[in-house]
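Only one structure is covered here, and it is reproduced in the block below.
The values are calculated or read from the model by the stated rules, or taken from the named source; none is laboratory data. Here the structure is a predicted model, which means the values were calculated and not measured. Note that each Cβ is placed from the backbone with ideal geometry, even for glycine, and that neighbours are counted across all protein chains shown.
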Amino acid sequence: MFPQSPRLIEIMIDGSKVGQNRDIDVGVVGDSKAVLRQIMDELRATGYKSPGKGWVEEVITEDQALKAADEGMLNSDQSPIHPMRLMKELRDILDRDATVIGDGGDIVTFAARVLNINEPGHWLDPGQFGCLGAGSGFAAAAQLARPGKQVCIVYGDGGFGLTGFDVESYVRFNLPIVSIVGNNGAWNQTTQGVVRRGMRGIGTYLSQETDYAKIMDGMGGYGERVTDPEEIRPALERAFNSGKPALLDVVTDQDVAYASMGGRSRQQRQY
């Protein structure tokens, strides 16, 4: 059934997605858990012998090195706030079965790098084409589908500008979604891309003076602006414990762009 030394086997529940964004050797349509169980059964039946743990240990070692390189950023006390510090504090307060929605550019890439998503379908983002503005609907649907469970949406300030007023719907339907706005005052994936090329980011800047928390206040939810990295965790606790739709406007460093950091990206998560 399989070639002797396949480079890549892709298992997708939706057959139309097989091979869509990468070259593969074998495409298998089906439930991943069921397919992997069948593969394991077949390997046992044929007397397959594992070559050992060398490859797994190599991957673990590489992953540990990448994580170690992040430690300084995750614990940064700089102000404006480093987006990695924001995501570390959010990671540490989320429940294991929390649903997280990403609706933005740069800040969502940081979120995908840091946050731990443990259950299928508990990470939702605009997809590979970056269709910003969809996140508010995702968050409302997730909270309705999983009442009593944590639902958090990470907005960029640009993304929030598209459908951020949907927080009024959260309030009207009493959906205790916690919204995090990474306020770096720019469409930063575009801004920093052109700035690094020696050009001006015309039309790509926003205002960090905008206090997005006041929008939530005005709608009747819980709003708070955060500028001190030491206040991120307490503010998150207040937001999640408020029992209301909540929004934290977190002022982050405009000069920290994901593309300039190097390393890996996990934005296109397959959950």
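Couple of notes before you dig in:
- Residues that are modelled with pLDDT of 95 or more and among the aromatic types (Phe, Trp, Tyr), drawn from the range 199-252: TYR212, TYR222, PHE240
- Verdict on SER79 being of a type in the set (Ser, Thr, Tyr), out of contact with any His (no Cβ under 9 Å at 6 or more places or on another chain), surrounded by fewer than 16 Cβ atoms within 10 Å (Cβ to Cβ) and touching a residue at least 24 places away in the same chain (Cβ under 8 Å): yes
- Pair list, Cβ under 8 Å, 6 or more apart: the range 14-36 residue at positive phi, other residue surrounded by 11 or more Cβ atoms within 10 Å (Cβ to Cβ) and not basic (Lys, Arg): GLY19/GLU10; GLY19/GLY27; GLY30/ILE11; GLY30/ILE13
- Some residue of the range 87-110 being over 28 Å from ALA139 (Cα atoms), surrounded by 15 or more Cβ atoms within 10 Å (Cβ to Cβ) and in the same structural domain as ILE232 (by TED's automatic domain parsing): no
- Selection over the range 62-109 of residues that are at pLDDT 95 or above, hydroxyl-bearing (Ser, Thr, Tyr) and not in a loop (DSSP other than H, G, I, E, B) gives a count of 1.
- The selection criterion, being part of a helix (DSSP H, G or I) and under 30 Å from ALA69 (Cβ atoms), does not hold for VAL154.
- Options VAL256, VAL251: the member that is touching a strand residue (DSSP E or B) at 6+ places or on another chain (Cβ under 6 Å) and either basic (Lys, Arg) or crowded, with 20+ Cβ neighbours inside 10 Å (or both): VAL251
- Residue match in the range 210-225 (condition: on the phi > 0 side of the Ramachandran plot, surrounded by fewer than 21 Cβ atoms within 10 Å (Cβ to Cβ) and out of contact with any Phe, Trp or Tyr (no Cβ under 9 Å at 6 or more places or on another chain)): yes
- Just one of (1) in contact with a strand residue (DSSP E or B) (Cβ under 9 Å, 6 or more places away or on another chain); (2) under 30 Å from THR252 (Cβ atoms) fails for VAL29. It is (2).
- Residue that is farthest from GLY243 (Cα to Cα) [pool: residues in the range 125-166 that are surrounded by 22 or more Cβ atoms within 10 Å (Cβ to Cβ) and among the polar types (S, T, N, Q)]: SER136
- Residue within the range 167-175 that is surrounded by 20 or more Cβ atoms within 10 Å (Cβ to Cβ), in a helix (DSSP H, G or I) and at pLDDT below 95 present: no
- Selection status of ARG146, closer than 22 Å to ILE93 by Cα and assigned by TED's automatic domain parsing to the domain that holds PRO229: yes
- Pairs with Cβ under 7 Å, 6+ apart, first in the range 172-198 and more than 21 Å from ARG85 (Cα to Cα), second of a type in the set (Phe, Trp, Tyr) and surrounded by fewer than 24 Cβ atoms within 10 Å (Cβ to Cβ): THR191/TYR205
- Selection over the range 32-68 of residues that are of a type in the set (Asp, Glu) and surrounded by 11 or more Cβ atoms within 10 Å (Cβ to Cβ) gives a count of 3.
- Flag if PHE160 is in the same structural domain as ASP253 (by TED's automatic domain parsing), within 14 Å of the chain's Cα centre (by Cα) and assigned to a helix (DSSP H, G or I): no
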